[in-house]
Every structure is written in structure tokens, then in C-alpha cells.
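**Q** Here it is, the structure, as C-alpha cells.
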Amino acid sequence: MFKYIDHVAVHCSDLARSAKFYEEVMGFEPWVGHDDRIQYFKCGDTLLELTMKKPAQEISGLHFCVQADDIDQAVATLKDRGVECVVETRPSTGRVPGEENLRRAVFKGPDGELIEVRG
């Protein structure tokens, strides 16, 4: 159902400070960003997403994202298994060319952790 973990996200209080830390101290490679609220870094084949939370943002704090083979099937399977969906499937902002048609949904894990599903 899932191919890999696409990214792990960390909510920050100061995006510039956190970006500097992950680049200069941790040695992660800056990748792409969305204005002043999201910055991605590469660490090997893994992505780290630093986010700034806006008051109405549904994904806050720590979450991880899995890439689905077929998002509609994955969402249906998780719902059939009783996993709570907190954000229904909707378009996802592409990070790079080729991601324009991706969609995402967000589910809640057993301890309240958020699991983003992209496909």
C-alpha cells in the first residue's frame, strides 16, 4: 500500500533559526521551501520538513508522511480499518515540477500522532 516514508516534519518556533541549525550544525542539504512557513532539507534519501504553524493549520508539531501507490485505495483501506481521518483527501502543494497533481489526506495514529498520506 505504501512505498516509503516521504518526509518527517518538525514544527518550529523560529524557522530561520531551525533552518540554520539543520544546515550548519547537522549538515543537511537545503532543498525547497514554501515562502516563510515551510523549508525542506535532504539527508540522504530522506526529507526533513520544518514548518511554522499558523493558527488554522491542521498539521502541527511532529508528523510523518507516507507515499502511497494509490492514494484512493490507501485512504479507503485506512478508513475501512477504523483509522480516524482528520483531513480528507485534497490537492497537495507540489514541491518540485512533477508533483503538481499530488493529493494528500491526514489520519490520526493510536497516540494522536498525525500521518500524512500522499499520492
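**Q** Quick check on my filter: what residues within the stretch 73-114 are of a type in the set (Val, Ile, Thr), within 23 Å of Leu47 (Cβ to Cβ) and out of contact with any His (no Cβ under 7 Å at 6 or more places or on another chain)? Quick ask: steps written out before the conclusion?
**A** Initially, the stretch 73-114 is screened for residues of a type in the set (Val, Ile, Thr), giving 75, 77, 83, 86-87, 89, 93, 96, 106.
Checking the rest, the ones that are also within 23 Å of Leu47 (Cβ to Cβ) come to 75, 86-87, 89, 93, 96, 106.
Selection gives Val75, Val86, Val87, Thr89, Val96, Val106.
**Q** Among residues belonging to the stretch 90-113 that are in contact with a Ser or Thr (Cβ under 8 Å, 6 or more places away or on another chain) and not in a loop (DSSP other than H, G, I, E, B), point out the one that is surrounded by the most Cβ atoms within 10 Å (Cβ to Cβ). Walk me through how you get there before you give the answer.
**A** From the stretch 90-113, those in contact with a Ser or Thr (Cβ under 8 Å, 6 or more places away or on another chain) are 99, 102-105; that's our starting set.
From the residues that got through so far, the ones that are not in a loop (DSSP other than H, G, I, E, B) too are 103-105.
Numbers: Arg103: 16, Arg104: 21, Ala105: 23.
Restricting to residues being in contact with a Ser or Thr (Cβ under 8 Å, 6 or more places away or on another chain) and not in a loop (DSSP other than H, G, I, E, B), the top hit is Ala105.
**Q** Take the stretch 6-31 and flag every residue that is surrounded by fewer than 16 Cβ atoms within 10 Å (Cβ to Cβ), within 30 Å of Asp70 (Cβ to Cβ) and modelled with pLDDT under 85.
**A** Val10
**Q** Do you know which residues across the stretch 6-38 are in contact with a Lys or Arg (Cβ under 7 Å, 6 or more places away or on another chain) and of a type in the set (Asp, Glu)?
**A** Asp6, Glu29
**Q** Next question, about the same structure. Please state which of the following conditions Arg81 fails to meet, knowing it meets all the rest: (1) over 14 Å from Phe2 (Cβ atoms); (2) modelled with pLDDT of 90 or more; (3) exposed (fewer than 14 other Cβ atoms within 10 Å of the Cβ).
**A** Answer for Arg81: the failing condition is (1).
**Q** Then there is this: Has the stretch 57-64 got at least one residue that is under 20 Å from Ala19 (Cα atoms), at pLDDT 90 or above and of a type in the set (A, V, I, L, M, F, W, C)?
**A** Among the residues of the stretch 57-64, not one is under 20 Å from Ala19 (Cα atoms), at pLDDT 90 or above and of a type in the set (A, V, I, L, M, F, W, C), which makes the answer no.
The values are calculated or read from the model by the stated rules, or taken from the named source; none is laboratory data. This is a predicted model, so every value here is computed, not measured. Please note: Cβ atoms are built from the backbone with ideal geometry, for glycine as well, and neighbour counts cover all protein chains shown.
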